[in-house]
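Below you will find the structure I want to go over with you.
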Amino acid sequence: VVRVTEGGVLRAKVPLAVTVRPFALPKTFGLKTAFSLMDGFLKGRYGERFAEMKRKAIDVMLDYRLNPDDISRTDPPAIEDLLHARERGMNSFNILNVVPKAKNPKQKAVLAVKDPKEVCTDAFYEEFRNRLIPYVAELRRHGLEKLAYVYGFDERKSEFYEGIDRFWKRFRADFPDIPLMTTAKMYADLVEGHTNLPALVTTDIYCPTTYRWDVSVNRRLRAEGKSVWWYTCCSPVAPYANPASIEYPPMDGRLLLGFMTHWADADGFLFWHVNDWSERTQKTLD
């Protein structure tokens, strides 16, 4: 019985019955996520402690059922990290970003290139393919390929579309069981009705920002066998739900990582980023 009092005076008695049902969250996460935990920034911050701190960072994210991922990586994740994360529930990870390997060793992350000629050529595809072949073979040896995807063409616009189409068709032939995800603006162009543009339906996983979400576009893409995630990064700003800033309501993260993504029927949620740090301006906590 719940007793309601005011000023020490009993105002009401409310009977309360609770039924406890036996259930447990499955070990493998139900919601697919991609939270960008970037190696370059971990190395810049922790130096020789990188391996130790990378594993700690992976574990603290897995404690909260988030996939520790990196859409900007130019080196594939360590197999031992993937095996550890899978054992703790990870259900999805990016192998590589479709960009050239960083030429500057101090460059911490590469999200995208400005010129389609850097990634939309036969020469680049062959180099990228050759990097993937032995690694994907190793993933298959451990059964990890079922959780893998490749990310590319981050927020690129229409000048990339024909190149994305050529890349995707070759990629699909060479790696039929590894999907390609993109945040390129093809989805936004479909929402805005720019159907005269080339190759708007030409990847496996579309990932628009949350404020672009359009059920009719999703229906069209899924009819053609596509998946549709959604994402936030430094945008959109409040009042859109986004965990990107401590100035936003903390509830935003809770809503996106459950109710809102389920309500919107999104296939996954991507967030960039969790550790874009500056050693020059931000001190390391002990």
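The values are calculated or read from the model by the stated rules, or taken from the named source; none is laboratory data. None of the values given here were measured: they were computed from a predicted structure. Glycine gets a Cβ as well: all are built from the backbone with ideal geometry, and neighbour counts include every protein chain shown. What goes into the accessible areas is simple: the full protein's heavy atoms, side chains included, and nothing from ligands, DNA or RNA. Shrake-Rupley method; radii C 1.70, N 1.55, O 1.52, S 1.80 Å.
Can you tell me the Rg and the Dmax, both Å, for the Cα atoms in the stretch 25-94?
Cα only, the stretch 25-94: 11.7, 36 Å (Rg, Dmax).
Then there is this: To check you understand DSSP bridge types, tell me what percent of the beta bridges within the chain (both residues inside) are antiparallel, rounded to 5.
Of those bridges, close to 20 percent are antiparallel.
When each pair of different Cα atoms in the stretch 122-260 is counted once in the 1/r mean, what is the Kirkwood radius in angstroms, to one decimal?
16.6
Relative contact order, percent, of the chain when contacts are C-alpha pairs under 8 Å separated by at least 6 residues?
Contact order relative to length: 17 percent.
Of the labelled options (1) 1.15; (2) 1.26; (3) 1.52, which one gives Cα Rg over 2.2 N^0.38 Å as computed for this structure?
Calculated Cα Rg over 2.2 N^0.38 Å: the matching label is (1).
For the stretch 71-161, compute the number of Lys pairs whose alpha carbons are separated by less than 21 Å, excluding pairs fewer than 8 positions apart on the same chain.
Final tally of qualifying lysine pairs is 7.
Relative contact order, percent, of the stretch 149-241 when contacts are C-alpha pairs under 8 Å separated by at least 6 residues?
Answer for the stretch 149-241 is 26 percent.
Separate question: If you add up the charges near P105, with Lys and Arg at +1 and Asp and Glu at -1, over every other residue whose beta carbon is less than 14 angstrom from its beta carbon, what do you get?
+3
So how compact is the stretch 189-286: Cα radius of gyration and Dmax in angstrom?
So, for the stretch 189-286, Rg and Dmax equal 16.3, 55 Å respectively.
I've got another one for you. What number comes out for the charge environment of T182, summing +1 per Lys or Arg and -1 per Asp or Glu over other residues with Cβ under 10 Å away?
Every neighbour counted, the sum reads -1.
Counting heavy atoms of the protein chains only and a 1.4 Å probe, report the per residue accessible area for the chain as a whole number of Å².
Averaged over the residues of the chain, the accessible area is 56 Å².
Where the accessible area of the chain is counted over protein heavy atoms with a 1.4 Å probe, how much of it, in %, is carbon and sulfur?
The computed percentage sits at 54.
I would also like to ask the following. Per residue of the chain, what 222 nm ellipticity follows from adding -39500 (n - 2.57) for every DSSP H run with n ≥ 4, rounded to the nearest 500?
-9500 deg cm²/dmol
Continuing with the same structure: Please state the relative contact order of the stretch 1-138 as a whole percent: Cα pairs under 8 Å, 6+ residues apart?
21
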